[in-house]
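S.K.: Quick one: this structure, given as structure tokens, is what I'll be asking you about.
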Amino acid sequence: MQVNRVDVGAGFKPAPTRHGLSEIARGFKTFSSRKINELPTQDSKFAWQRGFYEHVIRDEKDLYDHRLYIQENPVKWQNDEYYG
């Protein structure tokens, strides 16, 4: 005897939503800013830099260069006229 299998609710699943990179970045910045500003140790209001720079990694050297920039850039902040 064969039993028919019924998938309950299979026809009612919402369609997957696709978000662009700009929407994802905006959501991340909004969520993280709220959480950071809720911290009791936060003396001043945290704010992200407006916008973001989008870049497609082309090859291994490009990936290496971007990783190096990410690692070394914070050391240069204290010399930046807009930092702090």
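The values are calculated or read from the model by the stated rules, or taken from the named source; none is laboratory data. Predicted model, so just to flag it, every value in this text is computed and none were measured. No Cβ is skipped: glycine too gets one built from the backbone with ideal geometry, and neighbour counts run over all protein chains shown. Protein only, heavy atoms only, side chains kept; ligands, DNA and RNA dropped before computing areas. Shrake-Rupley method; radii C 1.70, N 1.55, O 1.52, S 1.80 Å.
S.K.: Go through region 36-50 and give me each residue that's within 24 Å of Ser22 (Cβ to Cβ) and surrounded by 10 or more Cβ atoms within 10 Å (Cβ to Cβ).
M.R.: The answer is Ile36, Asn37, Phe46, Ala47, Trp48.
S.K.: Please go through region 52-68 and give me each residue that is under 26 Å from Arg26 (Cβ atoms) and surrounded by 10 or more Cβ atoms within 10 Å (Cβ to Cβ), ordered by number.
M.R.: Residues satisfying the conditions are Phe52, Ile57, Asp62, Leu63, His66, Arg67.
S.K.: Residues of region 43-75 being of a type in the set (Asp, Glu) and in a loop (DSSP other than H, G, I, E, B), which ones?
M.R.: Across region 43-75, the qualifying residues are Asp43, Glu54, Asp59.
S.K.: Let me ask something additional. Is region 9-20 home to any residue that is surrounded by 10 or more Cβ atoms within 10 Å (Cβ to Cβ), at pLDDT 80 or above and at negative phi?
M.R.: Filtering region 9-20 for residues surrounded by 10 or more Cβ atoms within 10 Å (Cβ to Cβ) gives 19.
Applying the additional criterion that residues be at pLDDT 80 or above yields 19.
Okay, now just the ones that are also at negative phi, so 19.
The answer is yes; a qualifying residue exists.
S.K.: While we're here: Out of all the residues in region 69-84, which are among the hydroxyl-bearing types (Ser, Thr, Tyr) and open to solvent by less than 100 Å² (accessible area, probe 1.4 Å)?
M.R.: Passing the criteria: none in range.
S.K.: Looking at (1) modelled with pLDDT of 90 or more; (2) out of contact with any Leu (no Cβ under 8 Å at 6 or more places or on another chain), which is the one condition that is false for Ile57?
M.R.: Among (1) modelled with pLDDT of 90 or more; (2) out of contact with any Leu (no Cβ under 8 Å at 6 or more places or on another chain), Ile57 violates only (2).
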